[in-house]
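**Q** This structure is in structure tokens; I'll ask about it shortly.
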Amino acid sequence: MNNQKSGPPLALYTTSGCHLCEQAEALLGQVGLTFSRVEIADDAVLLERYGVRIPVVRRLDTGQELDWPIEAVALEDLR
């Protein structure tokens, strides 16, 4: 878990070596949102769902998802 400022429960769906995922993670940090990284390669269902969409930010309490490109304004709207 990334220990930034609090906010809604968020997951960042990602995989190793994904430069866009690294950019999304940095943006989440800049906005100050707390999130958990979820490695999609470890789960066949997640790989099927997010394999061509990552990075994806998902608000866990509502199910709202943001696909790449993710903008700071959209992340603020998740609060």
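Bear in mind that the values in this text are calculations on the coordinates, not laboratory data. Since we're looking at a predicted model, the values are computed, not measured. Ideal geometry is used to build each Cβ from the backbone, glycine not excepted, and the neighbour counts take in all protein chains shown.
**Q** If each residue's Cβ is checked for other Cβ atoms within 10 Å, how do V45, V31 rank with the fewest at the top?
**A** Ranking V45, V31 by Cβ neighbours within 10 Å, fewest first, gives V45, V31.
**Q** Per 0.36 nm of contour for each residue apart, how much would the distance between A26 and T62 grow if the chain were fully extended, relative to their Cα-Cα spacing?
**A** Length gained between A26 and T62: 10.7 nm.
**Q** Connecting C-alpha atoms closer than 10 Å in a GNM of the chain, tell me which of R58, R49, R37 has the biggest fluctuation.
**A** R49
**Q** In the range 13-79, which GluC sites (Glu not before Pro) are in a loop and have at most 14 other Cβ atoms within 10 Å, using DSSP for the loop call?
**A** Within the range 13-79, the qualifying GluC sites (Glu not before Pro) (loop, at most 14 other Cβ atoms within 10 Å) are E71.
**Q** Return one number: the angle in degrees, 0 to 90 and rounded to the nearest 10, between the long axis of the Cα atoms of helix 19-31 and the longest principal axis of the Cα atoms of the chain.
**A** 20
**Q** Then there's this: Under a point spin-label approximation (7 Å from Cα along Cα-to-Cβ), what is the R53-C18 distance to one decimal in nm?
**A** Taking the two extended label points, one gets 1.1 nm.
**Q** How big is the antiparallel share of DSSP beta bridges in the range 10-77, given as a percent to the nearest 5? Let's see the in-between values first.
**A** Values: 7 of 12 bridges.
Percentage antiparallel, nearest 5: 60.
**Q** Normalising by the residue count of the chain, find the relative contact order in percent from Cα pairs under 8 Å and 6+ residues apart.
**A** 38
**Q** Amide H of V38 versus every other amide H placed in the peptide plane: which residues, excluding those fewer than 5 positions away on the same chain, fall under 5 Å?
**A** L12, Y13, T14
**Q** Roughly how large, in nm² to one decimal, is the mean projection of the convex hull of the alpha-carbon atoms in the chain?
**A** 4.7
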